[in-house]
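Data first, discussion second: the structure below is written as structure tokens.
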Amino acid sequence: MEEKSRDNAVTHLLKKNAENDIETVWDRAAQQSPHCGFGIRGLCCRNCFMGPCRINPHGKKPQRGVCGSTGEVIVARNFTRMIAAGAAAHSDHGRDVAKTLLLAAKNPDAGYSIKDVNKLQKVAHLLGIHTENRSKEEIAADVAEKALKDFGRQEGEISFIKLAPEPRQAKWRELGVVPRGIDREIVEVMHRTHIGVDQDHRNLMLQGARAALSDGWGGSMVATELQDILFGTPSPIRGQVNLGVLSETEVNIVVHGHEPALAETLVLASQDNDLINLAKKMGATGITLSGICCTANEILLRHGLPIAGNVLQQELAISTGAVEAMIVDVQCIMPSLPEICKCFHTKLITTSPKGKIEGAEHFEFSEETALHTAKEIVKAAILNFPNRDKMDIPSEKMDLIAGFSHESINYMLGGSFRSSYTPLNDNVINGRIKGVAGVVGCCNPKVKHDQIHVSLVEELIANDILVVQTGCSAIACAKAGLMTPESAVKYAGKGLAEVCKAVGMPPVLHSGSCVDNSRILIALSEMVKVGGLGNDISDLPVAGAAPEWMSEKAISIGQYFVSSGVYTVFGVGMPISGSEIFSNHLFKESEDMYGGMWAVEPEPDKMAALMIDHINKKREKLGIEKTKKRVLYDMEMRRDLEI
Ligand code: SF4
Ligand code: MSK
């Protein structure tokens, strides 16, 4: 079991589940192994029913599909379709947030209000909406409507693209990849990848890039910015993480998925006095609301509520026997949950009309009746408390500080009087901080759970690279104790530790959920605007990684980082290895086009080396440092670091 995860809470429950013949994602992964060799290389196509077709990876026949498609076209079509699916998931989330903001503006009784007026003003200004002598509701209604127009726009440019540095925008215009409307770009990917349309892998990838940019600078950015207006912009906040946050004596409600509109109302409902009294009547001492996956990140960042675990821990939370209800909405929810719920008393409750699961109870959630539905759900969980049988809650839990939005990074580094990215840039220029890395994405049972995330991040911070995280990767590193200010002394290199100590921040900054990768794009643009580190994102000493990725959303994120000029390394492998021509396009030609490119490296040490080398090259190019050799720190050396 120790091979499966670096987290003792996970291995403990996996052992127990194995004894009781309870199946989890790891068992199913073993049953699927070895995976189909064509699929893993991206070489199978089922885009029409003359197929399915596959290309022989060893140069023998068949080298073309029935229609005549080559390997690189098949791989490119599959890859761009992954981008489209990922961009669709993030962007549909963004659309729902815009609709919720419109509701909050038009109907103050609906249970939502506008929490961050400063951010509202800022976004309104960016969107060209006048704010003088207008109520926040009037401004918010215009902001929401303007954001919604970005989804269906047929021509022109999506609004948030303006936040990118000018040279970056110019490059995109030159390449013809500025997104027109978010929905339009996704539809066009689906059209071009239909049989007999786009037969040129480079041309397909231009549209792939445009769809990915419509996610990062479109749908995801709409989601993040408007969520901040509605629910508040995160600022540093303490929290706890791992399955040990589940309570032995309180009703445990675990919310899992992605959209904070649901989670926010569950927060309110779980604090309702009548419901707390009902919980006490049922024999509990109160209600504990915790989260899994990105919804967990959202409620942690805004309320300090605990995180039970990342994506691979969803079944394990149920197998503690201590969860009265798991409430899910959309994305990353395993269809196996009803099966594991049958072995325990846990109720599985679906809430989105877009995501139903056979065997779950469905409480349809709509923004108009959100609080009422949330209370009904909490009540159902409370009434399930007396059905609790044997419990086995692992003791593991870890403290962390989260909530590093781009605004709060600004404030932390610059202080209230000169809040700006100047101190960050200064520290990068003087070499205390060598560079910045975004380490994000999922977990994947093909690799040891959490291990690649944690090893990579430890290596980066030991080499004075400030790490910004989102998603399940952030949860992995939080569980490993890398998100406390004290971890700077323990794990970071001397320069980074000095900065962290002066500011009181951890060396690894938790910036939120998957859609909040847009915060990293804005932070990078701010670094460029402040000056001293080049004229474009591709000049900055920065790099990105998704060490244990699995979802199509990760591919969309990777592509919008590459197209924004960031060197981006994926672990595990990528379903493109079947075509050298296409791999060459992503790994090499992309750099000439965007100044950023993809790389694949499953080993965390080598992944760190690639990122550090890239950062050093950029530093050299900027004339701020001669390339320094990477230092591999062992625990002893880390302890000896002088602060
Ligand atoms: Fe085969 Fe071409 Fe149809 Fe794909 S589109 S399944 S390669 S015939
Ligand atoms: S939840 S997309 S497993 S990060 Fe955003 Fe985690 Fe990946 Fe889902």
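The values are calculated or read from the model by the stated rules, or taken from the named source; none is laboratory data. Nothing here was measured: the structure is a model prediction, and the numbers come from that model. Ideal geometry is used to build each Cβ from the backbone, glycine not excepted, and the neighbour counts take in all protein chains shown. Accessible surface is based on the protein model in full, side chains and every heavy atom, while ligands, DNA and RNA are left aside. Shrake-Rupley method; radii C 1.70, N 1.55, O 1.52, S 1.80 Å.
Based on alpha-carbon centroids, what's the gap between segment 536-608 and segment 240-302 in Å, whole number please? So the two Cα centres are separated by 37 Å. P(r) tail, the chain: Cα-Cα pairs separated by more than 43 Å, 19% of all pairs. Counting Lys and Arg as +1 and Asp and Glu as -1, what is the net charge of the other residues whose Cβ lies under 13 Å from the Cβ of Asp450? Residues near Asp450 contribute -2 overall.
Summing charges over all other residues whose Cβ lies under 10 Å from the Cβ of Pro541, with Lys and Arg as +1 and Asp and Glu as -1, gives +2.
Which trypsin sites (Lys or Arg not before Pro) in segment 372-409 sit in a loop by DSSP (not H, G, I, E or B) and have at most 12 other Cβ atoms within 10 Å of their own Cβ? Please report the intermediate quantities before stating the final value.
On the way: sites: Lys375, Lys379, Arg388, Lys390, Lys397; in loops: Arg388, Lys390, Lys397.
Filter output for segment 372-409: Lys390.
If each residue of separation counts as 0.36 nm, what is the full-extension length gain between Asp274 and Asp605 once their alpha-carbon separation is subtracted?
My answer for the length gained is 113.9 nm.
Taking every DSSP beta bridge that has both ends in the chain, the antiparallel portion is near 15%. Here's the picture: charge each Lys and Arg Cβ at +1 and each Asp and Glu Cβ at -1 in segment 401-622, and of Ile401, Ala543, Leu533 the one pushed furthest to the positive end of that dipole is Ile401. Close amide-amide hydrogen proximity is noted between Glu548 and Cys442, Gly571, each under 5 Å apart and 5 or more residues distant or on a separate chain (H modeled in the peptide plane; Pro and chain starts excluded).
Charged side chains reduced to their Cβ positions (Lys and Arg at +1, Asp and Glu at -1) give segment 243-387 a dipole of some 260 debye around its Cα centre.
Gain in length, Arg46 to Glu132, computed as 0.36 nm per residue apart minus the alpha-carbon separation, to one decimal in nm? Before the final figure, lay out each step's value.
Numbers: separation 86, 0.36 × 86 = 30.96 nm, distance 5.51 nm.
Here the answer is 25.5 nm.
The listed residues Ile276, Ile114 rank as Ile276, Ile114 when sorted by accessible area, largest first, using a 1.4 Å probe. With the dipole of the chain worked out from charges on the C-beta (+1 for Lys and Arg, -1 for Asp and Glu) around the Cα centre, which of Gly37, Gly291, Ala474 lies farthest toward the positive end? Positive-end residue among those listed: Gly37.
Quick one: of Lys115/Lys434; Lys146/Lys171; Lys529/Lys621; Lys448/Lys490, which pairs are farther than 27 Å apart, Cα to Cα? Table pairs above 27 Å Cα-Cα are Lys115/Lys434. Descending by average beta-carbon neighbour count within 10 Å, the peptides 65-78, 560-573 line up as 560-573, 65-78, the highest first.
Across all directions, the shadow cast by the convex hull of segment 243-387 built on its C-alpha atoms averages 7.3 square nanometres. Projecting label points 7 angstrom from Cα along Cα→Cβ for His194 and Asn8 puts them 5.7 nm apart. Per residue, the accessible area of segment 345-391 comes to 53 Å² when a 1.4 Å probe rolls over the protein heavy atoms. Judged by the mean number of other Cβ atoms found within 10 Å, the most tightly packed of the peptides 534-547, 460-473 leads the ranking 460-473, 534-547. The gain in end-to-end length when the Gln121 to Asp109 segment is fully stretched comes to 2.1 nm, 0.36 nm per residue minus the alpha carbon separation.
When peptides 518-531, 152-165 are ranked by their average number of other Cβ atoms within 10 Å per residue, the highest-first order is 518-531, 152-165. Report the one residue of Met326, Val440, Ile461 whose Cα lies farthest in the direction of the positive end of the charge dipole of segment 312-463 (charges on C-beta: Lys and Arg +1, Asp and Glu -1; origin at the Cα centre). Toward the positive end, the furthest listed residue is Ile461.
Greater than 32 Å separation of Cα atoms is the criterion. Which listed pairs, Lys99/Lys379; Lys99/Lys618; Lys390/Lys553, meet it? Those over the limit are Lys99/Lys618; Lys390/Lys553. In this Cβ point-charge picture (+1 for Lys and Arg, -1 for Asp and Glu), the chain has a dipole of about 1120 debye about its Cα centre. First select every other residue whose beta carbon is under 12 angstrom from the beta carbon of Ser336; then total the charges, Lys and Arg +1, Asp and Glu -1. Around Ser336, the charge tally is -3.
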